[in-house]
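Notes for the one structure printed next.
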C-alpha cells in the first residue's frame with residue numbers, strides 16, 4: 001500500500017472507531033459526504049469566478065484545488081470503508097480506464 005492509501009486506511013479506521021451506527025449506515029453517510037464535498041467545490045468555483053453578488057471573489061483557484069482534493073480523499077475513504085481491498089479495487093478500475101480511454105483513444109487516433 002502506498003503512502004496515500006496508508007493515510008486513507010488510517011482515516012477510515014478512525015471514522016469507523018468513532019461511529020456507533022450500523023455498518024450500512026456508516027457507509028451510506030460516507031457516500032453522502034462525497035456530495036457534501038462536491039458542493040464545496042461548486043461554492044469555491046463560484047467564489048473564484050466572483051459569481052455570487054453577495055460575496056464577490058470569495059475564493060481562490062488554490063482553494064478550488066484544495067476542495068477537489070477533499071472530494072478525492074472523501075471518495076477514497078468511502079471506497080476503503082466499503083471494501084478493505086480498496087487499493088486493489090481502485091488499481092483494477094484505473095487499469096480498465098487506461099485500457100478503454102487511454103489505450104483505446106490512442107488506437108483510434110492512429111487510424
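All of the numbers you see were taken from the coordinates with simple rules; none came from a lab. What you see is a predicted model; the values in this text were computed from it and never measured. Here the Cβ positions follow ideal geometry from the backbone for every residue, glycine too, while neighbour counts run over all protein chains shown.
Quick notes on this structure:
- Two-site FRET efficiency, residue 102 against residue 49, from Cβ-Cβ distance with R₀ of 41 Å, rounded to 0.05: 0.85
- The calculated FRET efficiency for the pair residue 62 and residue 38, based on their C-beta separation and a Förster distance of 22 Å, comes to about 0.75.
- Among 60-70, 88-98, 74-84, the order from most to least packed when residues are scored by Cβ within 10 Å on average: 74-84, 60-70, 88-98
- Surface/4 estimate of mean projected area, convex hull on alpha-carbon atoms of the chain, nm²: 10.0 nm²
- Our summary gives the chain a relative contact order of 28 percent, counting only alpha carbon pairs under 8 angstrom and 6 or more residues apart.
- Estimated from helical segments only, the mean residue ellipticity of the chain at 222 nm is -24500 deg cm²/dmol, where each DSSP H run of four or more residues counts as -39500 (n - 2.57).
- Segment 12-65 shape via C-alpha gyration tensor axes, a/c threshold 1.5: prolate
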